[in-house]
Amino acid sequence: MATNGPASGSIGRDAIAEGGRLRVGLIGGGSIARVIARELSERQPQVQLIGALVNDADRARAHGFTERVALITDLAAFLALRPTLVAECAGHGGLAQYGASLLR
């Protein structure tokens, strides 16, 4: 169910204030993250995919991530890219490892 409350509108306004594109980062380097990265890059011009936070960049490339997606292995470096929205695609392990830090 979609909402039109303050929380849903504030993300869009913040993105527009920073250049008009929503800055999306992914957590995970597997199949789900790869499909989402492809869809965002190819079909969503209003979205800037800043990269994917992964444990192993070589393994993520082996899963089919192209060179067009920045693979970041350090949380501080990922956060320095200032994502507006982060999509967790790594499952319970990724959420446990990074979730609390991303919510701060």
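The values are calculated or read from the model by the stated rules, or taken from the named source; none is laboratory data. All figures in this text were calculated on a predicted structure; none of them were measured in a lab. All Cβ positions, glycine included, derive from the backbone under ideal geometry; neighbour counts span all protein chains shown. Ligands, DNA and RNA are stripped out before the accessible areas are found, and what is left, the full protein with its side chains, is counted by its heavy atoms. Shrake-Rupley method; radii C 1.70, N 1.55, O 1.52, S 1.80 Å.
Exactly one condition in (1) out of contact with any helix residue (DSSP H, G or I) (no Cβ under 7 Å at 6 or more places or on another chain); (2) modelled with pLDDT of 90 or more; (3) within 18 Å of residue 102 (Cα to Cα); (4) surrounded by fewer than 20 Cβ atoms within 10 Å (Cβ to Cβ) is false for residue 35; which is it?
The single condition residue 35 does not satisfy is (3).
Mind listing whichever residues of segment 72-104 are in a helix (DSSP H, G or I), open to solvent by 50 Å² or more (accessible area, probe 1.4 Å) and closer than 20 Å to residue 47 by Cβ?
Within segment 72-104, 79, 80 meet the criteria.
Say we look at segment 38-50 and pick out the residues that are over 15 Å from residue 64 (Cα atoms) and in a helix (DSSP H, G or I); which of these is most open to solvent (accessible area, probe 1.4 Å)?
43
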